[in-house]
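Presented below is the structure to which this report refers.
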Amino acid sequence: MSNVIKYPVPKKLPDEIQNGDLLVHYLEKEGVEYVFGIPGGALEPVYNALAKAELRGGLKPILTKHEQGAAFMADGYSRVSGTLGVCCATTGPGATNLFAGITTSYADSIPVLALTAQIPISKFGKSAFQDSSHEGIDVVEVFKKSTNYSAMIINSSLADDMFRKAIRMALSGKRGPVHLSLPSDVMAEKVDEKAISHSLFSSYNQPQHFDRSSVKEAVKLIGRARKAAMLVGSGALWSGATREVKDLAELLTIPTATTPKAKGTFPENHELALGCFGFGGSPRADAYLLDEDVDLLIAVGTSFNEWATHGWNEKLARGKTIIQIDIDPNQFGRNYASVIPLSGDARVVLKELLYELERVHRVTSVERHIRTRRFVEFSEKHPMMLELEKITSDASPIKPQRLMADIRAAVPDETIFFIDIGNNLAWALHYLPIIKPGTFFAALGFSCMGYGVAAAIGGKLAAKERPVVAIVGDGGFLMNGTELSTAVSHGIPVIWVILNDGGLGMVRHGQSMSEQAMETSHTFAPIDFVGWAESFGAVGVRISKAGELSNKMMNELIALKRPVVIDVQIDRDEVPPIGSRLSALREVYREE
């Protein structure tokens, strides 16, 4: 029996076109398929427009269980689709509940449009219920510090331009979330039918500029380098530069690592792959990038943040010439000095760099053979993973290392993974190889627990037939696990794998590994997540033995096309590779 909710068709649809309809029109022109959120009285004009759109087979509203979940779903949809994600909430607390999700998108440069209702303009300053105007809790100001653009549509004549401006600000240049506050009386006003045909053509674009002289200077430095390396950040993924990154690595035989956020942007089974560098990363990447014999580092789309640098390890820059490519010039020299800063979209700049290299700097077959042989010898001495014996361990409870190996072997290479924050993140970064670019998503910029639980739902709607698996801890699942009901209600077949260790594992290990922290507040009562899943109408599966999560099992679960929760009891005493994070914390708090 299906649990998908269906609503009755109204007897008569309103004939007039309102500002709510105009907004939906622009979203549909942008290719948006879903709006995630929770309605309220002040948001009625927008939901009336969404209801009409759904009836004609257009934009569909997805009712979530919490506004934070709506923002995370919009973010997940945007990451997978590469286009705009949209979430909405009613005025007052509905709007503020979106905030943690929007800050997550802002920290990771994800284009999300947050729509919040507003009381009628005529009621401003009268102590109206849930007033979030400048006379009450000013949500426009609240969102300004975590968006590319935050504004209120105070006049119907401005609505058309402001809708298009918000979309343009989200998708142009350095992408990011935007926010519009929508007074209910303005959104209910009629619109001239001519406005509805207005095109979004050329309302936004990515910059195609680059500094040719700087590119030529970079090519000279590359030509003089004795031992080069490349570090690839998420900016390369968002710009669609994964092919160009691979071409550059292969052209020059450059060993290449990714930041945690960009894991898989360079395939981890490639002969030049170093794996992930930074938090939870690969010892091979550490050994190569921190080697002071490396004299050139090409950094593509990375801000050199704490997660991506082992807490700003000085050895990453020591003795190296750094060529940094970034769309945001504010990133140059922020944490490490860039000898050659190349400002612009990563794909555009890399294309020009490749063109110039092909023209003036060709690597001979002999030189390529020497570099390849040298790297093969290096790789044999430095594996990508620690404690390799635990990857094949049959011990019970299940070793997290073995679980990651079982998951990877059980699903197709094109499976999309959403990873929550916690120990599960470190396990996935270290022990889950990612082969296809754009199949690993973790919101590391702001690092909200519970993100991966809800974002996977939006990601699945964008992924269509590709499987989507969320790897989460039990603590993270408890933060947004009610969104399982959203997946059930709308028939969205996400698979959640819960690493069940009965508490907040990263807190527990962090406290036990610190000489100055006392252990407290990390353990909770056992939870039956299989029962939880079944009570929501989803499929629940319990894994208690290594190897039980198999290719056969996952194929059967994927074929069900239903939401699935897999509850895995893991060995809670296994400590993930989180040493660099603890070292950074000791530096922050001056722990000796």
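Quick notes
Yes/no matrix, rows are residues, columns are (1) of a type outside the set (A, V, I, L, M); (2) open to solvent by less than 20 Å² (accessible area, probe 1.4 Å):
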position	(1), (2)
Asn480	yes, yes
Leu484	no, yes
Ile495	no, yes
His509	yes, yes
Ile543	no, yes
Leu557	no, yes
Leu560	no, no
Pro563	yes, yes
Pro577	yes, no
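- Residue, most open to solvent (accessible area, probe 1.4 Å), within the stretch 306-317, restricted to residues that are in a loop (DSSP other than H, G, I, E, B) and either within 28 Å of Leu251 (Cα to Cα) or acidic (Asp, Glu) (or both): Glu306
- Output for the stretch 206-238, where each listed residue is out of contact with any helix residue (DSSP H, G or I) (no Cβ under 6 Å at 6 or more places or on another chain), open to solvent by less than 60 Å² (accessible area, probe 1.4 Å) and not aliphatic (A, V, I, L, M): Gln206, Pro207, Ser214, Gly223, Lys227
- Scanning the stretch 325-349 for residues that are within 22 Å of the chain's Cα centre (by Cα), within 23 Å of Lys315 (Cα to Cα) and not in a helix (DSSP H, G or I) returns Ile325, Asp326.
- For Ala151, the criteria (1) under 18 Å from Gln68 (Cα atoms); (2) modelled with pLDDT of 95 or more; (3) part of a strand (DSSP E or B) hold in every case but one, which is (1).
- Yes/no for Pro93 being open to solvent by 10 Å² or more (accessible area, probe 1.4 Å), more than 30 Å from Ala262 (Cβ to Cβ) and in contact with a Cys (Cβ under 9 Å, 6 or more places away or on another chain): no
- Taken over the stretch 387-418, residues that are among the aliphatic types (A, V, I, L, M), under 19 Å from Lys263 (Cβ atoms) and assigned to a loop (DSSP other than H, G, I, E, B) amount to 1.
- Just so you know, in the stretch 291-305 the residues that are touching a helix residue (DSSP H, G or I) at 6+ places or on another chain (Cβ under 7 Å) and not in a loop (DSSP other than H, G, I, E, B) include one that is farthest from Ala443 (Cα to Cα), and it is Leu296.
- Close pairs (7 angstrom Cβ cut-off, 6 or more residues apart or separate chains): more than 20 Å from Leu98 (Cβ to Cβ) and in contact (Cβ under 8 Å) with a residue 12 or more places away in the chain in the stretch 471-497, of a type in the set (Lys, Arg) and outside any helix (DSSP H, G or I) anywhere: Pro493/Lys561; Pro493/Arg562
- Among all positions in the stretch 75-84, there is no residue which is free of Cβ contacts under 8 Å to residues at least 60 places away in the same chain and closer than 22 Å to Ser485 by Cα.
- Hits in the stretch 471-494 - residues which are under 18 Å from Met404 (Cβ atoms) and more than 19 Å from the chain's Cα centre (by Cα): Asp474
- Failed item in (1) of a type outside the set (Ser, Thr, Tyr); (2) assigned to a loop (DSSP other than H, G, I, E, B); (3) in contact with a helix residue (DSSP H, G or I) (Cβ under 6 Å, 6 or more places away or on another chain); (4) open to solvent by less than 10 Å² (accessible area, probe 1.4 Å), with Pro437 passing the rest: (4)
The values are calculated or read from the model by the stated rules, or taken from the named source; none is laboratory data. Given the structure is predicted, the values throughout are model-derived calculations rather than measurements. Cβ coordinates were reconstructed from backbone atoms using ideal geometry, including for glycine residues, and neighbour counts include every protein chain displayed. Side chains included, ligands, DNA and RNA excluded: accessible areas come from the protein's heavy atoms. Shrake-Rupley method; radii C 1.70, N 1.55, O 1.52, S 1.80 Å.
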